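Structure record follows, encoded as structure tokens.
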Amino acid sequence: MRNLTVTVLSLLFFVLACASFAAAGPLVAIETNYGAIRIELDEAKAPISVKNFLDYADKGFYDGTIFHRVIKDFMIQGGGMTADLTPKSTGAPIKNEAGNGLKNLRGTIAMARTSVIDSATSQFFINTKDNAFLDHRDTSMQGFGYAVFGKVVAGMEVVDKIGNAPTGVRNRFRDVPVETVTIKSVRRVK
């Protein structure tokens with residue numbers, strides 16, 4: 001009887017492990033000159049944002065862009081500027097999915113946008129701390145929030161290293177890393 005119980009429990013754990021692995025969303029690797037960051041995307045809760053991000057990644061759009069905005073104890077933002085701070089031409093803005101239930105917690109990735117709710121294109125940010133004030137609260141312009149669409153599953157030490165990089169003013173931009181933080185590539189891993 002004891003062997004049967006152990007066998008059944010082992011089988012149950014195996015099935016649960018397989019189910020959670022199968023439920024995991026797409027994985028992407030962001031290669032930077034500071035190291036690699038691996039992100040799991042949440043297709044179920046943020047299908048528009050995930051498709052948008054993967055479309056840019058699959059086209060090689062992010063290759064050679066930079067993390068152009070880094071604010072210590074807040075976030076690192078990139079995905080739209082070249083090394084000389086020239087904005088790259090993007091596709092049309094997407095619908096803001098901030099009401100999807102995902103929160104702007106440390107290690108999550110979200111779509112950057114302007115003050116216009118549905119203005120996100122290619123730029124994204126990774127939260128370096130919990131930023132509840134960026135979460136969806138209501139449908140007003142002030143309360144709509146920023147759409148989280150994934151989380152860092154490896155390389156948070158790289159995110160922290162970037163987040164602690166010295167910054168300054170360059171051209172008309174503030175919070176630009178003194179040493180350029182280049183996104184070498186963004187590729188699907190799974």
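Which is among the charged types (D, E, K, R) and more than 22 Å from ASP63 (Cα to Cα), of ARG174, ARG187?
Details: ARG187 fails: more than 22 Å from ASP63 (Cα to Cα).
Residue meeting the stated conditions: ARG174.
Please indicate, with yes or no, whether at least one residue in the range 46-61 is touching a Ser or Thr at 6+ places or on another chain (Cβ under 7 Å), in contact (Cβ under 8 Å) with a residue 60 or more places away in the chain and surrounded by 15 or more Cβ atoms within 10 Å (Cβ to Cβ).
yes
Looking only at the range 82-104, filter to residues that are touching a residue at least 40 places away in the same chain (Cβ under 8 Å) and not in a loop (DSSP other than H, G, I, E, B); which one of those is nearest to LYS45 (Cα to Cα)?
ASN100
What residue, among those in the range 62-102 that are buried (at least 21 other Cβ atoms within 10 Å of the Cβ) and β-branched (Val, Ile, Thr), is nearest to ALA132 (Cα to Cα)?
This residue is ILE76.
For the range 28-66, give me each residue that is closer than 17 Å to GLY107 by Cβ, touching a helix residue (DSSP H, G or I) at 6+ places or on another chain (Cβ under 6 Å) and not aliphatic (A, V, I, L, M).
Within the range 28-66, TYR34, GLY35, LYS45 meet the criteria.
Considering each of GLU157, GLU179 in turn, give the residue that is modelled with pLDDT of 95 or more, over 19 Å from the mean Cα position of the chain (by Cα) and either under 24 Å from ILE94 (Cβ atoms) or not hydroxyl-bearing (Ser, Thr, Tyr) (or both).
That would be GLU179, the only listed residue that is modelled with pLDDT of 95 or more, over 19 Å from the mean Cα position of the chain (by Cα) and either under 24 Å from ILE94 (Cβ atoms) or not hydroxyl-bearing (Ser, Thr, Tyr) (or both).
Give the residues of the range 135-190 that are without any contact (Cβ under 8 Å) to a residue 40 or more places away in the chain, of a type in the set (A, V, I, L, M, F, W, C) and within 20 Å of ALA110 (Cα to Cα), sorted by residue number.
MET141, the sole residue that qualifies.
Checking VAL50 against (1) farther than 18 Å from GLY80 by Cα; (2) at pLDDT 55 or above; (3) among the hydrophobic types (A, V, I, L, M, F, W, C), only one condition comes out false. Which one?
(1)
Got at least one residue in the range 115-126 being more than 17 Å from LEU54 (Cα to Cα), crowded, with 20+ Cβ neighbours inside 10 Å and not β-branched (Val, Ile, Thr)?
No, that holds for no residue.
Tell me which residues, restricted to the range 139-185, are hydrophobic (A, V, I, L, M, F, W, C), in contact with a His (Cβ under 7 Å, 6 or more places away or on another chain) and either surrounded by 14 or more Cβ atoms within 10 Å (Cβ to Cβ) or more than 16 Å from GLY78 (Cβ to Cβ) (or both).
PHE144, VAL176
Does the range 112-154 hold any residues that are of a type in the set (A, V, I, L, M) and at pLDDT 95 or above, and which are they? Quick ask: steps written out before the conclusion?
Taking the range 112-154 and keeping what is of a type in the set (A, V, I, L, M), we get 112, 116-117, 120, 126, 132, 134, 141, 147-148, 152-154.
Selection gives ALA112, VAL116, ILE117, ALA120, ILE126, ALA132, LEU134, ALA147, VAL148, VAL152, VAL153, ALA154.
Of the residues that make up the range 10-29, is at least one surrounded by 10 or more Cβ atoms within 10 Å (Cβ to Cβ), of a type in the set (Gly, Ala, Ser) and at pLDDT 95 or above?
yes
The values are calculated or read from the model by the stated rules, or taken from the named source; none is laboratory data. Since the model is a prediction, treat every value here as computed from it, not as a measurement. Neighbour counts run over all protein chains shown; Cβ positions are idealised from the backbone, glycine included.
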